[in-house]
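Following: one structure in structure tokens, then a few remarks.
The values are calculated or read from the model by the stated rules, or taken from the named source; none is laboratory data. Owing to the predicted nature of the structure, the values given are computational and were not obtained by experimental measurement. Cβ coordinates were reconstructed from backbone atoms using ideal geometry, including for glycine residues, and neighbour counts include every protein chain displayed. Each accessible area value is taken on the protein alone, full model and side chains, heavy atoms only, with ligands, DNA and RNA left out. Shrake-Rupley method; radii C 1.70, N 1.55, O 1.52, S 1.80 Å.
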Amino acid sequence: MRIAFILLAAMAFAQTRPQEIRMNQVQVLASHNSYKQAIDPSLRKILRETMGDRLQGLEYNHLPFAGQLDRGLRGLEIDVVNDPEGGRYARPAGLAWVKERGLPAGPAYDPEGLMRQPGLKVLHVQDMDFRTHAYTFRQALRQLRSWSDQHPRHLPIVITMNAKQDVIDRPGFTRPLPFDAKAYDAWDAEIRAELSGGKLITPKNVQASYATLNAAVRAHAWPTVETSRGKFLFVLDEGEEQWKLYLAGRRDRVMFVNVPEDHPEAAVRIVNEPRKNTGYIQRLVRSGYFVRTRSDADTREARANDRTRFEAALESGAQLISTDYYVPDPEIGNGFQITLAPGWNPLLLPAFRPLPPIE
């Protein structure tokens, strides 16, 4: 059965001109919490006293966006918090804790005062894991736009996004504002403002003349690789309450939503555990969906030097495989690394991998 599928896929590819290859027929590497810098050593020491080994799940960090994209990654993840008036996250409590203990301070935080400006901010966990390569979402978008303009032939870059609003009910922690319709309007507006001029792939682009976005996806009517070059696609990865709020009344929205595959707006699915869900992901990919999965999480696979999750991710055919270890972590010291050159999807076009670089 598998041999027959490979032969059929190869025949289909042979009858397809390169300019007709669709963007869902690639497989690329992505990163998780792509903006994240390491927690300052002094703050890590304080947090370890209360968190113990649970802190290990936060002990990873990333290169600046440009450094990741230069290494061939074509998927990123950015978390934002709602800060319409500005200043809510400008003074992280962790900095005060370090000062109170008389411990060495880390680098200056927000030297340009960007956190005092109104608008969405980028961080992982308020007050404790706040170091970031972009303080504001607009700053992140400008960094991405700058790299894209310098590499206009790049494959489409998929940005998965979370709306951070979890409350940490402990003294001194900032209480996040919820995301409401106004916040989602501002979110879309910031993306459109910074990535204007044909830089976006939106649900409306993919749906085109089909009755629903899901109908277009099931027909494998994604844009071609050629027409997608130099563009970005954004995905809101949130629970039902939030994606319903985002979808309400937005006919020309920017972001795709991670919704169940029987939903009319289903197009991108996030299935983070490929070992338990290999067959499910394969069914999604063969049905036309674009899937993000993960090769490692919470530093566990890296510390154990365990590549089985990555191997399952490859086998699943998920188009985006997310990792925290596209370069090894010298603190872990075992050389664990996940590498994957952009290429045609091994599930949809199995006879044509590896291949020359496709940017």
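Of the residues making up region 20-67, those that are open to solvent by less than 40 Å² (accessible area, probe 1.4 Å), among the aliphatic types (A, V, I, L, M) and part of a helix (DSSP H, G or I) number 7.
In region 123-137, the qualifying residues are those that are over 16 Å from the mean Cα position of the chain (by Cα) and either on the phi < 0 side of the Ramachandran plot or without any contact (Cβ under 8 Å) to a residue 24 or more places away in the chain (or both), and the one that is surrounded by the most Cβ atoms within 10 Å (Cβ to Cβ) is PHE130. Residues in region 199-242 that are over 21 Å from the mean Cα position of the chain (by Cα) and either assigned to a loop (DSSP other than H, G, I, E, B) or under 18 Å from LEU141 (Cα atoms) (or both): ALA208, SER209, TYR210, ALA211, THR212, ALA219, HIS220, ALA221. For GLU273, indicate whether it is surrounded by fewer than 22 Cβ atoms within 10 Å (Cβ to Cβ), part of a loop (DSSP other than H, G, I, E, B) and without any contact (Cβ under 8 Å) to a residue 40 or more places away in the chain. Answer is yes for this residue. Inside region 146-155, residues that are open to solvent by less than 60 Å² (accessible area, probe 1.4 Å) and over 16 Å from the mean Cα position of the chain (by Cα) make up a count of 4.
Residue count for region 163-190 satisfying the condition of being of a type in the set (A, V, I, L, M, F, W, C) and either outside any helix (DSSP H, G or I) or under 22 Å from VAL225 (Cα atoms) (or both): 6.
Every condition in (1) of a type outside the set (D, E, K, R); (2) farther than 29 Å from TYR60 by Cα; (3) outside any helix (DSSP H, G or I) is met by VAL291 except one, and the failing one is (2). One residue stands out among those in region 231-257 that are without any contact (Cβ under 8 Å) to a residue 40 or more places away in the chain and under 18 Å from ARG292 (Cβ atoms): the one that is surrounded by the most Cβ atoms within 10 Å (Cβ to Cβ), which is VAL257. Pairing each residue of region 193-222 that is surrounded by 15 or more Cβ atoms within 10 Å (Cβ to Cβ) with any residue that is among the basic types (Lys, Arg) and part of a loop (DSSP other than H, G, I, E, B), provided the two are 6+ apart or on different chains, yields C-beta distances under 6 Å for LYS199/LYS231; ILE201/LYS231. Considering the conditions (1) over 30 Å from GLN242 (Cα atoms); (2) touching an Asp or Glu at 6+ places or on another chain (Cβ under 8 Å), TYR109 is excluded by exactly one of them, (2).
Test of understanding: among ARG218, ARG170, which residue is over 26 Å from LEU69 (Cα atoms) and at pLDDT below 95? The match here is ARG170. Selection of region 74-106 for residues being open to solvent by 60 Å² or more (accessible area, probe 1.4 Å), out of contact with any Phe, Trp or Tyr (no Cβ under 9 Å at 6 or more places or on another chain) and within 19 Å of ALA134 (Cβ to Cβ) yields PRO84, ARG88.
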